[in-house]
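The values are calculated or read from the model by the stated rules, or taken from the named source; none is laboratory data. Being a predicted model, the structure only gives us computed values, none of them experimental. A quick note on method: Cβ atoms are made from the backbone with ideal geometry, for glycine too, and the neighbour counts reach across all protein chains shown. Surface accessibility is based on the protein's heavy atoms, side chains included, excluding ligands, DNA and RNA. Shrake-Rupley method; radii C 1.70, N 1.55, O 1.52, S 1.80 Å.
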Amino acid sequence: ASFPLLCFRSPVVTPLIFGLLLLAPFTQPSTITQPNFVLLLADDLGIGDVGCYGNDTIRTPNIDRLAKEGVKLTQHIAAAPLCTPSRAAFLTGRYPLRSGMDAINDYRVIFWNAGSGGLPPNETTFAKILQHQGYSTGLIGKWHQGVNCESRNDHCHHPLNHGFDYFYGMPFTLISDCQPTETPEMDRAFRRRLWLSTQMIGLVTLTAVLGRLTGLISVHWKTLTCLAGFSLLFFISWFSSYGFVRYWNCIMMRNHGITEQPMVMDRTTSLILRESISFIERNKHKPFLLFVSFLHSHTPLLTTEKFLGRSRHGLYGDNVEEMDWMVGQVLDAIDKQGLKDTTLVYFASDHGGWLERQEGERQLGGWNGIYKGGKAMGGWEGGIRVPGIFRWPGVLPAGTVIDEPTSLMDIYPTVVHLAGGAVPQDRVIDGRDLLPLLRGAAACSEHEFLFHYCGVHLHAARWHQKDTGAVWKAHYVTPIFSPPGAGACYDRGFCPCFGEGVTHHEPPLLFELSQDPSEAKPLSADTEPLFGTVIKKIGRAVEEHRRTLTPVPEQLSVSNVVWKPWLQPCCGTFPFCWCDKEGDN
């Protein structure tokens, strides 16, 4: 047998890799044609929230068991630091700006079920390829990639139009507005400005009317009528959307039909778990792809009574522990059907934990361990470095830890190749097949460079120098933390990608992540002899990468993001949208 040249490794690690390579011939995946795939994706989970990644206070025994029985990645990188673009990259294997799923403005995710933006129909997801390979494909849980384009029922962005045979879950995302007892979360600052403007217009109208009645102001009644009409129209124009967020966005669907509008939060967890297990049971005799897209651990931290008060980290910890229990239930279902050895299981988070998400003294967002930054920060590790675990007994060596740069985009070619399909040749695919790395047949990641975007703005890039093992990272733009030195943008709620809230660096900030994973000590020409060489190398890679980009329609433009009543999914006759088909059952 011939073995590939090894990346640079320490004297301790090299014999371990050599041992894995010797074992590799005994674990050939060719003995299993078309394995099943169960992809488990958490929402807003920080890498520091999981036991096998160093957390010793939140209990995650089932996720930890996956790592013990499989392969754990320690440099698993999301392609974006927010839900919509990160998931678009995961589904397509492409940086989200290639499909128009990253924003040039502050609307960086899909805001409404009734927006017209979403994952374009001409994008090819891994589900679509597996569908053509004879797989049964199902998505249970969160979608957040859009619903309709031009009419209420065209479903152009819907999961069933992107390769999934079956969908049960939220076409949107869980937000605090879905829970009537919680403080509204969606567009909170903008909503306050609209309400203040409405009050001011109303006050002007009332003052004019009183002045006319008392004779203090000479104004025609026709003018006052127009002013009152304008006040009413202004109020209706925004309250018709923001006043009914729970009904417009917090809905559950089965395939194209709405089952709950608004969703009944108390039973959502049990329904998602029931649907996941049912899908496995229905498809146990043929190859299947099941994508379980958890609503955990996004606010409002939907947690059943059984798990409330169990953790040492308040409601957030309770929520993570419940999600871990759900992972265990799915794994048990796989075992019960005798599918463990023929199923590749994958667990990850869509991006880092939300540091700024707090209510008073309560921390409602995740923890990103030793890594700086968090959700919405496209450059800092805390926003994009996530858990990444694979298990496939008999094929992947158990208890393996791989410290190589990998991406959520890599799932695409990995799954496609294992299913016997081929990735599209008419477009750039940024993901790389992980199977050789996971099995130990390759020592190095195929990623020499990874590019880190915040919206459409390139904030950082990393270079994996394979001959030395160094991982260099250059930051071109970083957010300005508020208050200063706080490590997040607590005054804003989110760190911005551009404008007054960021700093541009020339020369770029440079870190060597294998020596400084917390990005605490920026290097300079005085402290690092290779500084100039590294900056030039990364700069050339950025230029080459940009030459591969082509203009595409912006799916998250303001015109695509705004609420459009004619696109609103409705269980009933619009605007009287209400149903509870699960309760009826």
Can you tell me which of Glu582, Glu528 is part of a helix (DSSP H, G or I), surrounded by 12 or more Cβ atoms within 10 Å (Cβ to Cβ) and acidic (Asp, Glu)? Glu582
Selection from the range 551-580 of residues that are in contact (Cβ under 8 Å) with a residue 12 or more places away in the chain and closer than 30 Å to Lys473 by Cβ: Val552, Glu554, Gln555, Leu556
Mind checking which residues of the range 452-481 are surrounded by fewer than 16 Cβ atoms within 10 Å (Cβ to Cβ) and either within 15 Å of Leu513 (Cβ to Cβ) or modelled with pLDDT of 95 or more (or both)? Thr468, Ile480
Could you grab me the full set of residues in the range 33-83 that are within 30 Å of Gln133 (Cα to Cα), in a helix (DSSP H, G or I) and among the aliphatic types (A, V, I, L, M)? Ile63, Leu66, Ala67
Flagged in the range 340-365 as open to solvent by 10 Å² or more (accessible area, probe 1.4 Å) and over 19 Å from Gly314 (Cβ atoms), in numbering order, are Lys340, Asp341, Thr342
Of (1) of a type in the set (Ser, Thr, Tyr); (2) crowded, with 16+ Cβ neighbours inside 10 Å; (3) assigned to a helix (DSSP H, G or I), Thr173 satisfies all except one. Which? (3)
May I ask you to verify whether Gly394 is at pLDDT 95 or above, within 24 Å of Pro479 (Cα to Cα) and touching a helix residue (DSSP H, G or I) at 6+ places or on another chain (Cβ under 7 Å)? no
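Per-residue answers, yes or no, for (1) modelled with pLDDT of 95 or more; (2) in the same structural domain as Gly115 (by the TED database); (3) open to solvent by 20 Å² or more (accessible area, probe 1.4 Å):
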site	(1), (2), (3)
Lys222	no, no, yes
Thr225	no, no, yes
Gly229	no, no, yes
Ser237	no, no, yes
Asn255	yes, yes, yes
Val264	yes, yes, yes
Arg267	yes, yes, yes
Leu271	yes, yes, no
Glu275	yes, yes, no
Pro61 passes all but one of (1) surrounded by fewer than 24 Cβ atoms within 10 Å (Cβ to Cβ); (2) over 18 Å from Gly431 (Cα atoms); (3) touching a strand residue (DSSP E or B) at 6+ places or on another chain (Cβ under 9 Å); which number fails? (3)
Quick test of your reading of the structure: Met323 fulfils all but one of (1) in contact with a Ser or Thr (Cβ under 7 Å, 6 or more places away or on another chain); (2) open to solvent by 10 Å² or more (accessible area, probe 1.4 Å). Name the failing condition by number. (2)
Mind listing whichever residues of the range 402-419 are within 11 Å of Leu437 (Cα to Cα) and of a type in the set (A, V, I, L, M)? Ile402
Failed condition for Arg94, given (1) modelled with pLDDT under 95; (2) open to solvent by 10 Å² or more (accessible area, probe 1.4 Å): (1)
Between a residue in the range 221-242 that is closer than 16 Å to Trp563 by Cα and any residue that is surrounded by 14 or more Cβ atoms within 10 Å (Cβ to Cβ) and β-branched (Val, Ile, Thr), which pairs come within a Cβ distance under 7 Å, given they are 6 or more apart or on different chains? Phe234/Thr198; Phe234/Ile201; Phe235/Thr198
With respect to Ser86, determine if the residue is polar (S, T, N, Q), at pLDDT 95 or above, within 23 Å of Gly388 (Cα to Cα) and open to solvent by less than 10 Å² (accessible area, probe 1.4 Å). yes
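Report whether or not Gln199 is under 30 Å from Arg492 (Cα atoms), of a type in the set (S, T, N, Q) and in a loop (DSSP other than H, G, I, E, B).
Considered against the rule, which asks whether it is under 30 Å from Arg492 (Cα atoms), of a type in the set (S, T, N, Q) and in a loop (DSSP other than H, G, I, E, B), Gln199 comes out as no.
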Lys306 is checked against (1) farther than 23 Å from Leu66 by Cα; (2) not in a helix (DSSP H, G or I) and fails just one. What number does that condition carry? (2)
The conditions are (1) of a type in the set (Lys, Arg); (2) closer than 26 Å to Ala103 by Cβ; (3) open to solvent by 30 Å² or more (accessible area, probe 1.4 Å), and Lys375 fails exactly one of them. Which is it? (3)
Of the residues in the range 28-58, how many are over 25 Å from Asp318 (Cβ atoms) and either open to solvent by less than 20 Å² (accessible area, probe 1.4 Å) or among the hydroxyl-bearing types (Ser, Thr, Tyr) (or both)? 6
